[in-house]
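**Student:** Take this structure first; my questions come after.
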């Protein structure tokens, strides 16, 4: 069984989407084309920036952490640097994504840690794994085994 952890929603982009929605609402209420134009411009900026945002998907299976790095447009992140930090902020592991944006490793410990993806282009994504994620993954694996028996 897989336990998936996704990156957090970017609050800045969410705020811009609310702003664009506000301008579009003003355009509808007041019939002012200037508000509609501003709303569409803000929305276009958000969509183009969001399409090239890096993201991480992660799951735990058989005591290994599997990572998929990708851009929101669907393109895989090749040769992205993966850094794993413990609770004290110390780097405990380093890896590189393959041509399909994939990477996996055996975690040095089943505790809380942060995974950061960095690319030469300056893009970055991060997610956090907790001890509870490992416990849940083990419980899911046991349930699956019980189902097979």
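**Student:** In which sequence would 96, 65 go, from the one with the fewest C-beta neighbours within 10 Å to the one with the most?
**Tutor:** 96, 65
**Student:** Given R₀ = 30 Å, FRET efficiency for residue 118-residue 142 by Cβ-Cβ distance, to 0.05?
**Tutor:** 0.25
**Student:** To continue, here is another question. With a point put 7 Å past each Cα toward its Cβ, work out how far residue 61 is from residue 132 in nm, to one decimal.
**Tutor:** Distance between the two pseudo-spin positions: 2.4 nm.
**Student:** Taking 0.36 nm per residue of sequence separation and subtracting the Cα-Cα distance, how much length would be gained by fully extending the chain between residue 88 and residue 72, in nm to one decimal?
**Tutor:** Fully extending the segment from residue 88 to residue 72 adds 2.7 nm.
**Student:** With the contact rule set at Cα under 8 Å and sequence spacing of 6 or more, what percent relative contact order holds for segment 54-148?
**Tutor:** 26
Coordinate-derived values only; no laboratory data. All values reported here derive from a predicted model rather than from experimental measurement. We place every Cβ from the backbone using ideal geometry, glycine too, and count neighbours over all the protein chains shown.
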